[in-house]
Amino acid sequence: MAKKAQKARKTYKYLTKAVQLPDGTRKYFRAKTQEELDEKVLKAQILVKSGVDICSEETFAHFSQLWYDLYKKPYLRENSLNSIKYVLNQHILPYIGGCLLREINPMQIQSIMAGLSGKSNSLQAKVLMNLRSIFNVAMENGLVAKSPVSTMLKPTGKATQEKETLTAGECQALLSRVQNTRARTFLLTALHTGMRRGEILGLQWKDIDFKAKVIHVQHNAVVKEGETKVSGEMKTKAAKRNIPLSEELEAWLSERKKTSHSQYVIAMEDHKPLTKSSYRSMWKLIERELPDRHVTAHILRHTYITRLFEAGLDIKEIQYLAGHSTIDMTLKVYTHYDRRSREAKTAEKVREALRSSA
């Protein structure tokens, strides 16, 4: 028993060595073996020479909050900020939030991405983008010598399914079947202007120039459960644009204005813009009319842009009308349209060739 007690009280002798910091102070390291101590000291010296504050006890969670507050919050819209918070809270912080920023290594980042292997390409891209941004800022501030997010890491996963536009027949079917005033107003506006959901729900009567037959897109609604917020803060600078009124939409809106008591084109009974729940209720009246087809507000917008390509408008005209900030976004829609158009033409040529040889 005495021997066991003596063994239990046995203490290890630690080796120690100091590393001098730029301000003249010293930081001491200790280890059980000389090899381990030399490794710690060498790593510390490299970090010091790289300008890293090796005394910092900054955790990833705390620094990512600073990054969010200083580099993102002042410049992004609410929806974009919510997307960042979701990615951080659900897919990053649970794994490395409590780690010291300077001690996070590439293997930990790889582990995070490996855990997302079954997720969408879009989600993986957002996780990587935020991780890279956070560690780049940490490097700029001397908290890490090098980002642990390898440049070799690329998002994999299943690509977001291509949004299929509605056919002319499907559009006509919706317009003939949807009778609810609010739902029809939304549907007709989306199909004839390509405006985003928030732009339609934020549309005010003063934004419509019936004399010039144009809609001035200059308001956006952030749809919430309690109270929807409408402001002049658009998704991008390019979102502010003037869209020509079609004859059908002009006639419909002119009639609606005669009986409207709200400043908003689409409003609730209390004349306020639609909340999230009221929007969902309205949308069900639209999607139920095409039960075998996936329909969203973005698909209606996509349909409008595709119709512009079919009508022969040039790429710059369509970019402006769609409110795209870059021409690449417009070209992405065009690529889908062109591919489907070519496939249809190729199929017809094949059928014609087979008919000729029969």
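Here are some notes:
- Hits in the range 145-171 (condition: open to solvent by less than 30 Å² (accessible area, probe 1.4 Å) and in contact with a Leu (Cβ under 7 Å, 6 or more places away or on another chain)): V149, L153, C171
- Residue selected from the range 120-138 under the condition over 15 Å from P148 (Cβ atoms) and in contact with a helix residue (DSSP H, G or I) (Cβ under 8 Å, 6 or more places away or on another chain), by the criterion least open to solvent (accessible area, probe 1.4 Å): Q124
- Listed by first and then second residue, the pairs with beta-carbon distance under 6 Å, at least 6 apart or on different chains, first residue in the range 307-318 and under 13 Å from H192 (Cα atoms) and open to solvent by less than 80 Å² (accessible area, probe 1.4 Å), second of a type outside the set (F, W, Y) and assigned to a helix (DSSP H, G or I), are L308/I318.
- The number of residues in the range 63-109 being open to solvent by 40 Å² or more (accessible area, probe 1.4 Å), touching a strand residue (DSSP E or B) at 6+ places or on another chain (Cβ under 8 Å) and in a helix (DSSP H, G or I) comes to 2.
- The range 16-40, residues that are within 16 Å of R102 (Cβ to Cβ) and part of a helix (DSSP H, G or I): E39, K40
- Taken as a whole, the structure places G142 among residues that are over 28 Å from L321 (Cα atoms), open to solvent by 10 Å² or more (accessible area, probe 1.4 Å) and more than 27 Å from the chain's Cα centre (by Cα).
- Unmet requirement for S56, which otherwise passes all of (1) at pLDDT 70 or above; (2) more than 14 Å from N130 (Cβ to Cβ): (1)
- L116 meets the conditions (1) surrounded by fewer than 14 Cβ atoms within 10 Å (Cβ to Cβ); (2) farther than 23 Å from P22 by Cβ; (3) touching a residue at least 12 places away in the same chain (Cβ under 8 Å) in every case but one. The failed one is (1).
- Tally, over the range 217-231, of residues that are of a type outside the set (D, E, K, R) and open to solvent by 40 Å² or more (accessible area, probe 1.4 Å): 2
- Taking the range 124-231 as the region of interest, the helices (runs of 4 or more DSSP H) fully inside it that hold 3 or more residues being in contact (Cβ under 8 Å) with a residue 60 or more places away in the chain and among the polar types (S, T, N, Q) are 181-193.
- When L300, L249, L253 are checked against the criterion of being surrounded by 20 or more Cβ atoms within 10 Å (Cβ to Cβ), over 26 Å from L76 (Cα atoms) and in contact with a Phe, Trp or Tyr (Cβ under 9 Å, 6 or more places away or on another chain), a single residue qualifies: L253.
- Of all the listed residues (I134, I84, I96), the sole one being within 30 Å of V223 (Cβ to Cβ) and in contact with a Phe, Trp or Tyr (Cβ under 6 Å, 6 or more places away or on another chain) is I134.
- Residue list for the range 239-256, filter: under 32 Å from the mean Cα position of the chain (by Cα) and charged (D, E, K, R): K240, R241
The values are calculated or read from the model by the stated rules, or taken from the named source; none is laboratory data. Just so you know, these numbers come straight off a predicted model, no measurement behind them. Positions of Cβ are backbone-derived with ideal geometry, glycine not excepted, and every protein chain shown enters the neighbour counts. Quick note on the areas: whole protein, heavy atoms, side chains included, nothing else; ligands and nucleic acids left out. Shrake-Rupley method; radii C 1.70, N 1.55, O 1.52, S 1.80 Å.
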